[in-house]
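As structure tokens, the structure follows; a few thoughts come after it.
The values are calculated or read from the model by the stated rules, or taken from the named source; none is laboratory data. Computed from a prediction, not measured in an experiment: that's the story for all the values here. Quick reminder, even Gly has a Cβ in these numbers, built from the backbone with ideal geometry, and neighbours come from all protein chains shown.
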Amino acid sequence: MPRQVAADTEKYTIEIDEDIDAILHTWDAFAAGQEFRDGCHELLDVIERNDKSKLLVDTSGIQAHDDADKEWLEEEWIPQTIEAGIDYSVSVTGDSVISEMEMEEFVDQTQHLDYTFVMAGSTDEAREWLDEQ
């Protein structure tokens, strides 16, 4: 079954992938502050409407995140996604050392939460990991 596009903007695309029973969120351009949070809220709406427990977030096109946005993700948004049913989340990062270090730090900071969050080097690797969950 092909992917179903739930949202497509200049900054991001959100898809439902029935093949791996997951939601895919691809950031196509940098967003920060309210614009970033609006994209995350739209993703949360898609999660709540589609009863999926797996999430793939592709940030490979983004070099870094704003510190305030990272804090907001950890303290507010991720707990909301867990409450909405996400058990497994995988993030695809870019080739930049900064983005990789940033995501490793983020993984460490979210280990106390009741879900599994990992990093992958490619979308194919991320899809394979999610398919096994």
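Would you confirm whether or not the range 35-45 contains a residue that is part of a loop (DSSP other than H, G, I, E, B), of a type in the set (Gly, Ala, Ser) and closer than 16 Å to Ser89 by Cβ?
no
Please go through the range 71-105 and pick out each residue that is modelled with pLDDT of 80 or more, in a helix (DSSP H, G or I) and among the β-branched types (Val, Ile, Thr).
Residues satisfying the conditions are Ile78, Thr81, Ile82.
Which residue is farthest from Arg127 (Cα to Cα), if the candidates are limited to the range 1-11 and must be touching an Asp or Glu at 6+ places or on another chain (Cβ under 6 Å) and assigned to a strand (DSSP E or B)?
This residue is Ala7.
Picking from Asp38, Asp21, Asp45, which residue would you name as being under 14 Å from Leu130 (Cα atoms) and more than 13 Å from the chain's Cα centre (by Cα)?
The unique qualifying residue is Asp21.
Filtering the range 20-47 down to residues that are farther than 17 Å from Leu73 by Cβ and surrounded by 14 or more Cβ atoms within 10 Å (Cβ to Cβ), which residue is modelled with the lowest pLDDT?
By that ranking, first place goes to Asp28.
Which condition from (1) within 24 Å of Asp114 (Cα to Cα); (2) surrounded by fewer than 18 Cβ atoms within 10 Å (Cβ to Cβ) is the one that Asp17 breaks?
Unmet for Asp17, out of (1) within 24 Å of Asp114 (Cα to Cα); (2) surrounded by fewer than 18 Cβ atoms within 10 Å (Cβ to Cβ): (2).
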